[in-house]
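Quick notes on the structure that follows.
A short reminder: the numbers here are calculations on the coordinates, not readings from a lab. All values reported here derive from a predicted model rather than from experimental measurement. Glycine also receives a Cβ, built like all others from the backbone with ideal geometry; neighbour counts cover every protein chain displayed.
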Amino acid sequence: MRGLTGWWQSRVLERERARVDPQDLARVLDALPLLDELTDEETRRLADLALLFLRDKRLDPAQGLALTDAMRLAIALQACLPVLELGLDWYSGWYAVIVYPEEFVPEREVVGDDGVVWTEREAKSGEAWEQGPIILSWADVEAGMERDGYNVVIHELAHKLDMRDGAANGCPPLHAGMSPKVWAETFSAAYENLCLRVDAGEETPIDPYATESPAEFFAVLSETFFELPDLLYAEYPKVYEQLRDFYRQDPLIRLGGPARTS
Ligand SMILES: [Zn+2]
């Protein structure tokens with residue numbers, strides 16, 4: 001919301017609010033159990049952020065998808081949850097969300113370790129480009145509205161936050177007072193633990209896709225943090241605490257879970 005201060009910001013918001021049918025908004029909020037425990041005040045702030053998000057970013061349908069206002073709102077509300085306490089500035093520097101009807105298959109040249117170039121054709125539910133757009137599959141956004149730990153919108157936006165200080169590496173820029181050393185130690189230990197468990201054939205409650213790389217670990221655990229905070233806390237409490245300090249939200253408290261330990 002840079003530069004939008006005081007009366008100007010409220011004028012912009014008034015205009016954006018007038019564009020949305022309140023019943024539409026209520027229906028979309030109802031369809032997102034992820035937002036159930038937000039207070040009324042938080043929900044109002046989230047809705048305002050979502051409207052500003054839709055004003056700042058182009059949502060472009062691809063492959064003939066009919067992208068309705070309700071679908072746009074559903075994407076924007078989920079996209080803004082991670083920055084509810086950080087502000088929209090954290091999403092500055094990129095401008096578009098491209099929405100495919102289903103999984104999409106980007107074709108790209110990949111140079112293997114042996115120097116051989118091949119074309120990668122891997123179906124994806126979402127993608128985040130460094131300094132570029134976010135790409136989402138609507139079918140996966142819809143599936144992600146169930147509260148099961150899987151949320152492609154939060155996943156891709158977590159990558160965007162991670163990329164604010166360069167290539168995605170599993171560590172977004174941390175706030176003053178947070179220790180990069182503690183972050184690195186906490187995430188490395190949990191990452192190694194999950195990799196060992198997945199390699200041993202354990203069916204982990206956290207999506208094993210997290211073991212692809214530290215960047216995927218941060219994105220997947222961000223999904224878990226917002227969708228199933230009690231599960232993340234039970235598995236990796238120290239990671240939960242780092243994410244709580246980074247996102248400046250405590251979803252576990254919203255669920256009435258255990259009091260914070262630090
Ligand atoms: Zn990812």
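Please give the contour-minus-distance gain from residue 10 to residue 30: 0.36 nm per residue of separation, less the Cα-Cα distance, rounded to one decimal in nm.
This chain segment gains 4.6 nm when fully extended.
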Length-normalised contact order for the chain - Cα pairs under 8 Å, 6+ apart - percent:
15
Please label the shape of segment 91-144 as rounded, prolate or oblate, based on the square roots a ≥ b ≥ c of the eigenvalues of the alpha-carbon gyration tensor (a/c under 1.5 means rounded; beyond that, a/b larger than b/c means prolate, else oblate).
oblate
Give the shape of segment 169-262 as rounded, prolate or oblate, defined through the alpha-carbon gyration tensor: a ≥ b ≥ c are the square roots of its eigenvalues, a/c under 1.5 means rounded, and otherwise the shape is prolate if a/b is larger than b/c and oblate if not.
oblate
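Using 0.36 nm per residue of separation minus the Cα-Cα distance, give me the extension gain between residue 165 and residue 178 in nm, one decimal. Display every interim value, and only then the final one.
Details: separation 13, 0.36 × 13 = 4.68 nm, distance 1.56 nm.
So the chain would gain 3.1 nm between residue 165 and residue 178.
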Work from the charge dipole of the chain (Cβ charges, +1 for Lys and Arg, -1 for Asp and Glu, about the Cα centre) and give the residue of 184, 81, 13 farthest towards its positive end.
13
At what distance in nm do the modelled label points of residue 23 and residue 254 sit from each other, each positioned 7 Å from its Cα along Cα→Cβ?
2.7
On the Cα set of the chain, report Rg and Dmax in Å, please.
18.6, 59
So what's the gap between the Cα centers of segment 17-88 and segment 136-201, to the nearest angstrom?
22
Dipole of the chain, Cα-centred, from +1 at each Lys and Arg C-beta and -1 at each Asp and Glu C-beta, to the nearest 20 debye?
1280
